[in-house]
Amino acid sequence: MTERLAAVFGCAGDVLTEIEEAFFRDVKPIGLILFARNCQTPEQVRILIQSWRDVVGSDDVLVSIDQEGGRVCRLGPPHWRSPPAAAEFGRLFDVDEDLGVEAARLNGQVVAAELRELGINVDCVPVLDVPVAGAHDIIGDRAYAFDPDIIAVLGRATCDGLQAGGVLPVIKHIPGHGRATVDSHEALPVVSASREDLDRLDFAPFRTLAALPLAMTAHVVFTALDERRPATTSPAVIELIRNDIGFDGLLMTDDLSMKALPGSMEDRTRDSRAAGCDVVLHCNGEAGEMTAIAGCVGSLNAEGQSRLDRALGRLRPPEPIDIPAAVARIDSLLRHVSAGTRT
């Protein structure tokens, strides 16, 4: 078996440059992540993805995107629908639990159908973070609710819909980003909540959905677990994710280029892998940073390869869906939320 680099990379534009083709052909990462800069039209996205698959020489790869809904959508009009924010399903759930679950699952299936048609097989959703009063709004309406039990129910419904549509979900940001008082894209959040409070609130949705195949870490310091290092680079927190929360799927970092992480790109890469992350994620497509990561990240180890194989093994042919009818149903349900009526 060809060794695969334990990394998921972005690319700079809407086509691969010759330099990118040579880089990806040489290092053979396990995945690609797309952003709005990479997505102009459906045909262009399909060609980009297929060209990337061709240069890495494998179909057993993760082609991912953040198509959460609301303000975090990499695909949008005029070519793609803008899905609702997670909080809209939470508000519907407050009115009628069954309809909230129905809408979240149906939305996941619609999103999956749109992604799969492009060649994308991973959506970095659901957000299982539990917001608390006074936290930064970087999570905000990306969260389903303030109640960890509701978050788990709607997160599971979204995962069920995605998987029914032939796309793998990624639970994030494990073990929780909801208490962060700063945006981890810009600075390092430090959470001083007690272990008891973290267990009760933050970790609860991740425990409930720990059997899912893929997860993404939080660039957050939890002083009750590790006074200095964020979860992504903390052996103590990764051990908790594995042994306490019980997640045994493929664990990837959040984006290594975010400003929350200290040190050089090489430091971030080595520290993440040493802590126990299976895979590093790097999103901005900057060639020098990707080269630095590739030089020190290493290949998937046997456990990581097994986890990747198990994740890919959960991909299945999509269930049939009438997308216009499904979208009309979702829209109809959500229109009734503000009135607090049942449909």
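Here are a few things to note about the model shown:
- Helices (runs of 4 or more DSSP H) wholly inside segment 238-343 containing at least 2 residues that are of a type in the set (D, E, K, R) and surrounded by fewer than 19 Cβ atoms within 10 Å (Cβ to Cβ): 265-275, 302-313, 323-335
- Out of Ser184, Ser272, Ser234, sole residue that is hydroxyl-bearing (Ser, Thr, Tyr) and either without any contact (Cβ under 8 Å) to a residue 24 or more places away in the chain or more than 26 Å from Val63 (Cβ to Cβ) (or both): Ser234
- Failed item, numbered, when Thr232 is tested on (1) over 24 Å from His282 (Cβ atoms); (2) touching a Cys at 6+ places or on another chain (Cβ under 7 Å): (1)
- When Glu43, Glu102, Glu97 are screened for being of a type in the set (Asp, Glu), in contact (Cβ under 8 Å) with a residue 60 or more places away in the chain and either more than 24 Å from Leu251 (Cβ to Cβ) or exposed (fewer than 15 other Cβ atoms within 10 Å of the Cβ) (or both), only Glu102 passes.
- Cβ-Cβ under 9 Å pairs, at least 6 apart or on other chains, segment 287-303 side charged (D, E, K, R), far side modelled with pLDDT of 95 or more and crowded, with 20+ Cβ neighbours inside 10 Å: Glu289/Leu256; Glu289/Met265; Glu289/His282; Glu303/Asp278
- For segment 25-52, a tally of residues being in a helix (DSSP H, G or I) and either touching a Pro at 6+ places or on another chain (Cβ under 7 Å) or within 28 Å of His79 (Cα to Cα) (or both) returns 14.
- Taking (1) within 20 Å of the chain's Cα centre (by Cα); (2) in a helix (DSSP H, G or I) in turn, Arg81 satisfies each apart from (2).
- Selection status of Ala143, under 15 Å from the mean Cα position of the chain (by Cα) and under 25 Å from His336 (Cα atoms): yes
- Residue satisfying all of: in segment 166-175; assigned to a loop (DSSP other than H, G, I, E, B) and in contact with a strand residue (DSSP E or B) (Cβ under 9 Å, 6 or more places away or on another chain); surrounded by the most Cβ atoms within 10 Å (Cβ to Cβ) among these: Val167
- Restricting attention to segment 262-317, the residues that are hydrophobic (A, V, I, L, M, F, W, C), more than 27 Å from Leu16 (Cα to Cα) and in contact with a Ser or Thr (Cβ under 9 Å, 6 or more places away or on another chain) total 3.
- Number of the condition not met by Gly57 [criteria: (1) over 17 Å from Thr158 (Cα atoms); (2) touching a strand residue (DSSP E or B) at 6+ places or on another chain (Cβ under 9 Å)]: (2)
- When Asp202, Asp183 are checked against the criterion of being surrounded by fewer than 24 Cβ atoms within 10 Å (Cβ to Cβ) and out of contact with any Asp or Glu (no Cβ under 6 Å at 6 or more places or on another chain), Asp183 stands alone in meeting it.
- For segment 196-213, the condition holds for no residue, the condition being that it is under 29 Å from Leu312 (Cβ atoms), in a strand (DSSP E or B) and hydrophobic (A, V, I, L, M, F, W, C).
- On the stretch given as segment 13-40, residues that are of a type in the set (A, V, I, L, M) and crowded, with 17+ Cβ neighbours inside 10 Å total 6.
- On inspection, Gly140 fails the criterion of being small (Gly, Ala, Ser), touching a residue at least 40 places away in the same chain (Cβ under 8 Å) and within 17 Å of Arg329 (Cα to Cα).
- Scan of segment 223-237 for residues that are touching a strand residue (DSSP E or B) at 6+ places or on another chain (Cβ under 9 Å) and outside any helix (DSSP H, G or I), ordered by number: Thr223, Ala224, Glu227, Arg228, Arg229, Pro230, Ser234
- Residue identified as in a loop (DSSP other than H, G, I, E, B), of a type in the set (A, V, I, L, M, F, W, C), more than 19 Å from Leu162 (Cα to Cα) and at pLDDT 95 or above among Val55, Val8, Val15: Val15
Here's the yes/no breakdown for (1) in contact with a His (Cβ under 8 Å, 6 or more places away or on another chain); (2) of a type in the set (Asp, Glu); (3) surrounded by fewer than 20 Cβ atoms within 10 Å (Cβ to Cβ):
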{"site": "Ala85", "(1), (2), (3)": "no, no, no"}
{"site": "Ala113", "(1), (2), (3)": "no, no, no"}
{"site": "Val125", "(1), (2), (3)": "no, no, no"}
{"site": "Gly140", "(1), (2), (3)": "no, no, yes"}
{"site": "Asp149", "(1), (2), (3)": "no, yes, yes"}
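- Odd one out for Gly178 among (1) touching a Leu at 6+ places or on another chain (Cβ under 9 Å); (2) part of a helix (DSSP H, G or I): (2)
The values are calculated or read from the model by the stated rules, or taken from the named source; none is laboratory data. Keep in mind that this is a model prediction, so the values were computed, not measured. Methodologically, a virtual Cβ is constructed for each residue, glycine included, from the backbone with ideal geometry; neighbour enumeration extends over all protein chains shown.
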